[in-house]
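Written out below as structure tokens is the structure these notes cover.
The values are calculated or read from the model by the stated rules, or taken from the named source; none is laboratory data. Predicted model, so just to flag it, every value in this text is computed and none were measured. Here Cβ is always computed from backbone atoms with ideal geometry, including for glycine, and neighbour counts include all displayed protein chains.
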Amino acid sequence: MNDVRSLLGKRRELTMQKKLVILDRDGIINQESDSFIKSPNEWIPIPGSLEAIARLNQAGYRTVIVSNQSGLGRGLFNMATLNEIHEKMHYNLAALGGRIDAIFFCSHIPSDYCDCRKPKPGLLVQIIQRFEINPASVPLVGDSLRDLQAGAAAGFSCHLVLTGKGQKTLDAGYLPEGTIVYSNLHAFALDFLAAKDN
Ligand SMILES: [Mg+2]
Ligand SMILES: [Zn+2]
């Protein structure tokens, strides 16, 4: 009996590990800027986004960021500054009981032709391997077409939010098939968690 219980427990633990949500950063969690987020001061959370992450966490979901940060490759800021920006994010999030489990970023510029800058799915493929997930059951939330293209290429379920560049992205069309649209990350989290309860 005990063995069965511990087996079931282990199994539940394994299932729990698969509960993941992938998020783009700029335009989803914090305000987008055409001139890049180059300092902690320029990192301003979108209302409700940190609460949304905390809510997902409380429902057992881990959250992972996938972000193009070509500002690094362009020399607009360095790694120390990117870490400071993320410190601010983690600090603000922790105050609400939330956390980001991992941040995957591409530091390259387009002319590097790397395989990790979205719309290339390189970082997402790394996540699939690192977390041993089936991407079909994992939502990816983005505001740019390239987020969704990378997500669709790696087999994730694609969700567009209308914050950041989201409205422009929706208006431009060509969304991957099956993309679901939400007003913002908070609306996504509520809907996603409500659907999981059913
Ligand atoms: Mg974005
Ligand atoms: Zn890259």
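Going by the structure shown, is M16 within 19 Å of the chain's Cα centre (by Cα), part of a helix (DSSP H, G or I) and at pLDDT below 95?
Working: within 19 Å of the chain's Cα centre (by Cα): yes; part of a helix (DSSP H, G or I): yes; at pLDDT below 95: yes.
Yes; evaluated as a whole, the condition is true for this residue.
Checking the condition surrounded by fewer than 19 Cβ atoms within 10 Å (Cβ to Cβ), touching a residue at least 24 places away in the same chain (Cβ under 8 Å) and of a type in the set (S, T, N, Q), which residue from Q58, Q69 passes? First the steps, then the outcome.
Details: Q69 fails: surrounded by fewer than 19 Cβ atoms within 10 Å (Cβ to Cβ).
Of Q58, Q69, the one residue that is surrounded by fewer than 19 Cβ atoms within 10 Å (Cβ to Cβ), touching a residue at least 24 places away in the same chain (Cβ under 8 Å) and of a type in the set (S, T, N, Q) is Q58.
Return the pairs, sorted by first residue and then second, in which the second residue is surrounded by 16 or more Cβ atoms within 10 Å (Cβ to Cβ) and among the small types (G, A, S), the first residue lies in segment 155-183 and is farther than 24 Å from G122 by Cα, the beta carbons are less than 6 Å apart, and the residues are 6+ apart or on different chains.
T163/G27
Assuming R130 fulfils every condition listed in (1) more than 16 Å from ligand 1 (Cβ to nearest atom); (2) surrounded by 17 or more Cβ atoms within 10 Å (Cβ to Cβ); (3) not acidic (D, E) apart from one, which condition is it?
So R130 meets the others, but not (2).
Of all the residues that make up segment 84-104, how many are free of Cβ contacts under 8 Å to residues at least 12 places away in the same chain and surrounded by 13 or more Cβ atoms within 10 Å (Cβ to Cβ)?
Within segment 84-104, residues that are free of Cβ contacts under 8 Å to residues at least 12 places away in the same chain and surrounded by 13 or more Cβ atoms within 10 Å (Cβ to Cβ) number 2.
For segment 147-159, give me each residue that is surrounded by fewer than 24 Cβ atoms within 10 Å (Cβ to Cβ) and within 13 Å of ligand 1 (Cβ to nearest atom).
Applying the first criterion (surrounded by fewer than 24 Cβ atoms within 10 Å (Cβ to Cβ)) to segment 147-159 yields 149, 152-155, 157-158.
Across segment 147-159, the qualifying residue is only Q149.
From the list S111, S144, pick out the single residue that is within 16 Å of ligand 2 (Cβ to nearest atom), within 16 Å of S67 (Cβ to Cβ) and either among the hydroxyl-bearing types (S, T, Y) or surrounded by fewer than 20 Cβ atoms within 10 Å (Cβ to Cβ) (or both). Give the derivation first.
Details: S111 fails: within 16 Å of S67 (Cβ to Cβ).
Answer to the check: S144.
For segment 69-97: of the residues being of a type outside the set (K, R) and not in a helix (DSSP H, G or I), which is nearest to K118 (Cα to Cα)? Explain how you work it out, then say what you get.
Taking segment 69-97 as the starting set, the residues that turn out to be of a type outside the set (K, R) are 69-73, 75-87, 89-97.
Filter once more, so that each one left must be not in a helix (DSSP H, G or I): 69, 75-78, 95-97.
Details: Q69: 10, G75: 19, L76: 19, F77: 20, N78: 20, A95: 31, L96: 30, G97: 30 Å.
Going through the qualifying residues, I end up with Q69.
Go through segment 109-120 and report how many residues are within 16 Å of ligand 1 (Cβ to nearest atom) and in contact (Cβ under 8 Å) with a residue 24 or more places away in the chain. It would help to see each step written out before you state the result.
If we filter segment 109-120 for residues that are within 16 Å of ligand 1 (Cβ to nearest atom), which is where we start, we get 110, 116-120.
Now narrow it down to the ones that are in contact (Cβ under 8 Å) with a residue 24 or more places away in the chain: 110, 117-120.
The qualifying residues number 5.
Looking only at segment 33-67, how many residues end up being outside any helix (DSSP H, G or I), touching a Lys or Arg at 6+ places or on another chain (Cβ under 6 Å) and closer than 17 Å to K88 by Cα?
Residues flagged as outside any helix (DSSP H, G or I), touching a Lys or Arg at 6+ places or on another chain (Cβ under 6 Å) and closer than 17 Å to K88 by Cα within segment 33-67 amount to 3.
Just one of (1) away from ligand 2 (no atom under 16 Å from the Cβ); (2) more than 12 Å from the chain's Cα centre (by Cα) trips up G71, so point out which.
G71 satisfies all of (1) away from ligand 2 (no atom under 16 Å from the Cβ); (2) more than 12 Å from the chain's Cα centre (by Cα) except (1).
Can you pull out the helices (runs of 4 or more DSSP H) entirely within segment 98-198 that have at least 1 residues that are more than 18 Å from G27 (Cα to Cα) and modelled with pLDDT of 95 or more? I'd like the intermediate steps shown before the answer.
Working: elements: 122-131, 145-154, 166-172, 185-197.
Per the criteria, 122-131, 145-154, 185-197.
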